[in-house]
Amino acid sequence: MRAPKTRFKIKLGNKIKQYRESHKLRQRDVALCIGCSQTLIGQVETGDGMPSMRMLYSMCILFKCEITDFIPIIKDVNDDDFVDL
C-alpha cells in the first residue's frame with residue numbers, strides 16, 4: 001500500500017519532472033538509467049509515490065545536479081503540504 005498523496009510529494013514530483021523534461025528524457029529512459037520501473041517514475045512525478053534516497057541520488061547522478069535541487073524551497077512549503085490529500 002502506497003503512502004497518501006501530499007502537496008509536498010506533488011511539488012517534489014514536479015521538480016523531478018522538470019529535470020527529466022529539461023534533459024529531453026522520457027520516463028522510460030530515466031527508469032532504465034536508474035534501475036526502476038517506468039510506473040514508479042510516473043508515480044513519483046504525480047505525487048502518488050515517494051522516491052527512496054537511493055533513487056534520488058541516482059537521479060542526481062543522471063541529471064548532474066544536487067539532491068537539494070529536487071526539494072522545494074522553504075518559502076514554497078507550508079504545514080498543509082504534508083497533510084494527506
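Could you please let me know if residue 43 is closer than 20 Å to residue 71 by Cβ and free of Cβ contacts under 8 Å to residues at least 12 places away in the same chain? Judged against the criteria, residue 43 is not a match.
Can you confirm whether residue 13 is under 12 Å from the mean Cα position of the chain (by Cα) and either surrounded by 14 or more Cβ atoms within 10 Å (Cβ to Cβ) or touching a residue at least 12 places away in the same chain (Cβ under 8 Å) (or both)? Yes: the conditions hold for residue 13. A residue that is of a type outside the set (S, T, N, Q) and more than 29 Å from residue 80 (Cα to Cα) can be found somewhere in the range 36-45.
Scanning the range 39-59 for residues that are in contact with a Lys or Arg (Cβ under 7 Å, 6 or more places away or on another chain), closer than 16 Å to residue 18 by Cα and surrounded by fewer than 18 Cβ atoms within 10 Å (Cβ to Cβ) returns no hits.
Readers should treat all values here as calculations from the given coordinates under stated rules, not as data from a laboratory. Keep in mind the model is a prediction, meaning the values are calculated, not measured. All Cβ positions, glycine included, derive from the backbone under ideal geometry; neighbour counts span all protein chains shown.
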